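J.: Below: one structure in structure tokens.
None of the figures in this text is laboratory data; all of them are computed from the coordinates on show. What you see is a predicted model; the values in this text were computed from it and never measured. For neighbour counting, all protein chains shown are included, and Cβ atoms are generated from backbone atoms with ideal geometry for every residue, glycine included.
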Amino acid sequence: MSETVRTVQMAIPRMVVDDQEPVLPIARLRDSAGTSRTGCPFHDVRHMLRDVGLRPTRQRLALGWLLFAKGDRHVSAEILHEEAIKARFPVSLATVYNTLHQFTEVGLLRELAVDGSKTYFDTNPSDHHHFFVEGENNLVDIPSTAVEVERVPEAPEGYEIARVDVVVRLRPKRRS
């Protein structure tokens with residue numbers, strides 16, 4: 001089954017370009033006017049991986065290119081695995097899962113658990129929320145400013161709140 005998806009706060013490595021605001025490595029990769037882009041997708045992904053402290057292995061380069069070359073999107077490990085096979089890059093599903101989790105740990109991706117058993121990875125790790133279209137397995141971004149959370153419970157002793165994820169579930173209206 002083919003799924004399509006469109007398009008929090010974590011310690012994400014940032015770079016400062018000239019005295020401007022910090023820039024995420026992913027934003028630099030996508031920014032065609034950015035000074036660090038070379039025009040070679042694998043070279044750009046290699047730099048992005050090095051910027052966050054990951055060794056640019058063949059698998060990480062290929063999967064990074066598949067993930068980030070298409071803009072903001074939400075993918076499951078199965079979707080990315082299918083894309084890799086279609087791109088003639090033979091990689092195991094376990095390697096895809098491991099790579100997605102490594103990318104998440106360094107802040108390149110954001111993991112979203114939907115329905116308990118379904119996990120998506122968002123290539124836009126910035127602070128935002130999601131609509132989930134039930135029956136279509138489709139995630140759509142909601143800007144963080146469009147959702148207000150008035151009260152968040154106190155974190156238990158020894159813990160702090162890392163982020164709040166809001167997933168609003170949608171379904172087609174029922175006919176009357």
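J.: Assuming a ≥ b ≥ c are the square roots of the Cα gyration tensor eigenvalues, decide whether region 61-176 counts as rounded (a/c under 1.5), prolate (otherwise, with a/b larger than b/c) or oblate.
T.: The shape class here is oblate.
J.: Apply the Karplus curve 6.51 cos²θ - 1.76 cosθ + 1.60, θ = phi - 60°, to the phi angles in region 134-139 and return the couplings in whole Hz, x for Gly and Pro.
T.: Each residue's phi maps through the Karplus curve to give 5, x, 10, 6, 10, 9 Hz.
J.: Between S117 and V166, what FRET efficiency comes out of the Förster formula 1/(1 + (r/R0)^6) with R0 = 25 Å and r the beta carbon distance, rounded to 0.05?
T.: Numbers: r = 20 Å, r/R0 = 0.79.
The calculated FRET efficiency here is 0.80.
J.: Also, I was wondering about something else. Relative contact order for region 41-176 using alpha-carbon pairs under 8 Å, separation at least 6, rounded to a whole percent?
T.: With pairs under 8 Å counted, the relative contact order is 18 percent.
J.: Which whole-Hz couplings ³J(HN,Hα) result when phi for each residue of region 72-89 is put into the Karplus expression 6.51 cos²θ - 1.76 cosθ + 1.60, θ = phi - 60°, listed in order with x for Gly and Pro?
T.: Each residue of region 72-89 in turn: 5, 7, 10, 10, 9, 4, 5, 5, 5, 4, 4, 5, 5, 5, 5, 7, 6, 10 Hz.
J.: Shifting gears a bit: Return the sequence-ordered ³J(HN,Hα) values of region 127-133 in whole Hz as given by the Karplus equation 6.51 cos²θ - 1.76 cosθ + 1.60 applied to θ = phi - 60°, using x for Gly and Pro.
T.: 6, 6, 10, 9, 8, 10, 8
J.: Given H placed 1.01 Å from N in the peptide plane, which residues other than close sequence neighbours of I142 have an amide H under 5 Å from its amide H?
T.: Those qualifying (amide H under 5 Å, at least 5 residues apart or on another chain) are H129, H130, F131.
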